[in-house]
1. Fully extended, how many nm does the chain gain between Ala23 and Leu35 (0.36 nm per residue separation, minus their Cα-Cα distance)?
2. Counting other beta carbons within 10 Å of each Cβ, put Val16, Val57 in order, fewest first.
3. Could you put Glu60, Glu52, Glu24, Glu42 in order, starting from the residue whose Cβ has the fewest other Cβ atoms within 10 Å?
4. Among Cys37, Cys32, rank each residue by its count of other Cβ atoms within 10 Å, from fewest to most, as a rough exposure measure.
5. For the stretch 17-65, just the Cα set please: Rg and Dmax, both in angstrom.
6. What ³J(HN,Hα) values, in whole Hz, does the Karplus curve 6.51 cos²θ - 1.76 cosθ + 1.60 give for the stretch 19-35 when θ = phi - 60°, with x put for Gly and Pro?
Amino acid sequence: MRSAPRVRDTPARTVVGLLIIDAENRRARYDCHRLDCPQLREGPVFGAAIPEWATTVAAEHFARYHQGDRP
Ligand SMILES: [Zn+2]
């Protein structure tokens with residue numbers, strides 16, 4: 001059996017931030033790693049607010065603080 005070609009797992013963009021979700025304590029925060037960032041940390045948010053926040057925080061952070069760039 002031939003193995004299918006694998007899609008290479010190369011990131012399409014540079015990692016410039018880190019989303020940290022603490023499932024045990026049910027809190028989350030976002031750390032921005034850009035040197036020119038005026039707001040290096042977003043959050044924390046807690047509990048039920050986490051899932052929705054986590055899907056939008058990076059985009060919203062970039063829209064707010066790094067206009068013209070993308071997360
Ligand atoms: Zn930032």
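1. 1.5 nm
2. Ascending number of Cβ neighbours within 10 Å: Val16, Val57.
3. Ranked by crowding around the Cβ, least crowded first: Glu24, Glu52, Glu60, Glu42.
4. The order, fewest Cβ neighbours first, is Cys37, Cys32.
5. Rg then Dmax for the stretch 17-65, in Å: 10.6, 32.
6. Each residue's phi maps through the Karplus curve to give 8, 10, 10, 9, 5, 5, 8, 6, 9, 8, 8, 10, 9, 8, 10, 7, 5 Hz.
Computed from the coordinates by the stated procedures, all read-outs in this text should not be read as laboratory data. In this text, all values refer to a predicted model and were calculated from it rather than measured experimentally. Using ideal geometry, Cβ is built from the backbone for each residue, glycine included, and neighbour counts are taken over all protein chains shown.
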